[in-house]
Amino acid sequence: MSTNALRKLGPYTTTSIGLGCMPLSLENNLGVEKGVETIHAALDAGCRHLDTAWAYYESGKEPGANERLVRQALSTWDGPREEVIVASKVGHFRNFTDGVPTWGQDARPERLIHDAHESLENLGVDAIDLLYMHRPDPKVDYAESIEAMKQLADEGVAKTIGISNASVEQIDIARSILGDKLVAVQNQYSPVYRSTRDILDYCAKLGLAFVCWSPLGGYRRAVDESKFEPFKQVATKHGVSYQQVILAWELAQGEHVFTIPGAHRPQTILDSLHASVLELSAEEMELLNRG
Ligand SMILES: NC(=O)c1ccc[n+]([C@@H]2O[C@H](COP(=O)([O-])OP(=O)(O)OC[C@H]3O[C@@H](n4cnc5c(N)ncnc54)[C@H](OP(=O)(O)O)[C@@H]3O)[C@@H](O)[C@H]2O)c1
């Protein structure tokens, strides 16, 4: 196993590449059976980090659908369950009223606490390994939302806390309230979204994990494909998929970086997991870092 396969995330040692479970329960998912098969394939291949959220559900399904899928997959897996960390999130919901699914924020303290208790039940655990506040809610003072996350940690609903879609200023607020209960920041970061680089570097300085969401540009792929060109060039040289090169490039940004590629099927996550053993040269990193 390569040196970047396992990394420290707060109190946990876990795989640098986790499975982003979101596509398994949103629009165009391939059904529960394929979802369980995909999670089992990832776990069987050594992945020990699953990322889910209360808000990952499609129209016609109840909130928590993805958390219940994760629970079903873990309870039917015959591997070492205790090695797997499950991260979930609260503070977001879905809106299906205008025909096109959208996302809304609700990070009022009472809502965060209510949804976190539902997440516990959905996941079928006594405490959530890592619980993120999904996204800042402009209608709610950030510190008030974070106080609710602290309450969840103090009451043992969550073992550790993360924040997602956070700015430097919000990281400072969260640290001042949560202290060492705050272990991770999950922000968007990929070849098509590099503007959070300052947050990635700030996390390194503070000893916080930085988890890249939509690390391949997002499952809907409405992105500028030309940004992938240098990754494709390097991939051809190594004889691997360019997605592996993207993930290896992200992991090479620092020992505190984790990446959680999404997948609808076993094949894609199995390919992605190989990125943890892909070594990129200094020249290749220089090319890819140029953007
Ligand atoms: N915190 C937040 O606000 C937030 C927001 C968005 C996402 N997330 C998290 O981030 C995770 C990942 O983001 P994402 O799912 O939007 O997008 P992503 O990981 O950037 O892209 C996923 C897409 O890439 C494809 N793919 C993955 N590995 C591949 C490979 N090796 N070769 C070819 N194609 C590959 C998948 O294909 P197939 O469909 O063919 O399997 C899937 O369609 C989510 O699952 C979720 O857990 C968090």
task: Identify all residues within segment 138-155 that are assigned to a helix (DSSP H, G or I), more than 11 Å from Leu178 (Cβ to Cβ) and among the acidic types (Asp, Glu); write none if there are none.
output: Glu144
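How about segment 218-227: which of its residues are assigned to a helix (DSSP H, G or I) and either charged (D, E, K, R) or at pLDDT 95 or above (or both)? Quick ask: steps written out before the conclusion?
So the first thing to find is which residues in segment 218-227 are assigned to a helix (DSSP H, G or I), and the list is 225-227.
Scanning segment 218-227 gives Glu225, Lys227.
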field: Search result, residues across segment 181-200 that are touching a residue at least 40 places away in the same chain (Cβ under 8 Å) and not basic (Lys, Arg)
entry: Val183, Ala184, Gln186, Tyr189, Ser190, Pro191, Leu200
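If we keep just the residues of segment 55-76 that are part of a helix (DSSP H, G or I) and among the small types (Gly, Ala, Ser), which is least open to solvent (accessible area, probe 1.4 Å)? Show your work before the answer.
Within segment 55-76, the first condition is being part of a helix (DSSP H, G or I), and the residues that meet it are 65-75.
Those left that are additionally among the small types (Gly, Ala, Ser): 65, 73, 75.
Values: Ala65: 24, Ala73: 0, Ser75: 89 Å².
It comes out as Ala73.
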message: Which numbered condition in (1) touching a residue at least 12 places away in the same chain (Cβ under 8 Å); (2) within 16 Å of the ligand (Cβ to nearest atom); (3) over 21 Å from Thr259 (Cβ atoms) is the only one that His117 fails?
response: (2)
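For segment 90-97, does any single residue satisfy the condition of being touching a Pro at 6+ places or on another chain (Cβ under 9 Å) and over 21 Å from Ile163 (Cβ atoms)?
Going residue by residue through segment 90-97, those that are touching a Pro at 6+ places or on another chain (Cβ under 9 Å) are 91, 93-95.
Still in the running and over 21 Å from Ile163 (Cβ atoms): 95.
Scanning segment 90-97, I find at least one residue that is touching a Pro at 6+ places or on another chain (Cβ under 9 Å) and over 21 Å from Ile163 (Cβ atoms), so the answer is yes.
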Residue list for segment 161-201, filter: within 16 Å of the ligand (Cβ to nearest atom), under 23 Å from His114 (Cα atoms) and of a type in the set (Val, Ile, Thr): Ile161, Ile163, Val183, Val185
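Quick one: in segment 29-53, of everything that is among the aliphatic types (A, V, I, L, M) and outside any helix (DSSP H, G or I), which residue is farthest from Glu82 (Cα to Cα)? Step through it out loud before you land on a result.
Initial filter on segment 29-53 (among the aliphatic types (A, V, I, L, M)): 30, 32, 36, 39, 41-43, 45, 50, 53.
With the extra rule that they be outside any helix (DSSP H, G or I), the set shrinks to 30, 45, 50, 53.
Values: Leu30: 28, Ala45: 16, Leu50: 13, Ala53: 20 Å.
The qualifying residue farthest from Glu82 (Cα to Cα) is Leu30.
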message: Exactly one condition in (1) open to solvent by less than 40 Å² (accessible area, probe 1.4 Å); (2) assigned to a loop (DSSP other than H, G, I, E, B); (3) within 15 Å of the ligand (Cβ to nearest atom) is false for Arg135; which is it?
response: (1)
message: Suppose we filter Leu280, Leu287 for residues that are surrounded by fewer than 20 Cβ atoms within 10 Å (Cβ to Cβ), at pLDDT 95 or above, among the hydrophobic types (A, V, I, L, M, F, W, C) and outside any helix (DSSP H, G or I); which single one remains?
response: Leu280
- line: Note on segment 233-265: residues more than 27 Å from Asn29 (Cβ to Cβ), among the aromatic types (Phe, Trp, Tyr) and either within 11 Å of the ligand (Cβ to nearest atom) or not in a helix (DSSP H, G or I) (or both) are none
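In segment 35-54, how many are within 10 Å of the ligand (Cβ to nearest atom) and open to solvent by 10 Å² or more (accessible area, probe 1.4 Å)?
Here is the first cut: in segment 35-54, the ones within 10 Å of the ligand (Cβ to nearest atom) are 38, 50-53.
Those still in the list that are open to solvent by 10 Å² or more (accessible area, probe 1.4 Å) too: none.
Residues in segment 35-54 being within 10 Å of the ligand (Cβ to nearest atom) and open to solvent by 10 Å² or more (accessible area, probe 1.4 Å): 0 in total.
Go through segment 202-217 and count every residue that is within 11 Å of the ligand (Cβ to nearest atom) and either open to solvent by less than 10 Å² (accessible area, probe 1.4 Å) or part of a loop (DSSP other than H, G, I, E, B) (or both). Break it down into steps so the answer makes sense when it comes.
First, the residues of segment 202-217 that are within 11 Å of the ligand (Cβ to nearest atom): 211-217.
With the extra rule that they be either open to solvent by less than 10 Å² (accessible area, probe 1.4 Å) or part of a loop (DSSP other than H, G, I, E, B) (or both), the set shrinks to 211-212, 214-217.
Final tally of qualifying residues: 6.
The values are calculated or read from the model by the stated rules, or taken from the named source; none is laboratory data. Keep in mind the model is a prediction, meaning the values are calculated, not measured. Because the Cβ atoms are built from the backbone with ideal geometry, glycine has one as well, and the counts that use them run over all protein chains shown. Quick note on the areas: whole protein, heavy atoms, side chains included, nothing else; ligands and nucleic acids left out. Shrake-Rupley method; radii C 1.70, N 1.55, O 1.52, S 1.80 Å.
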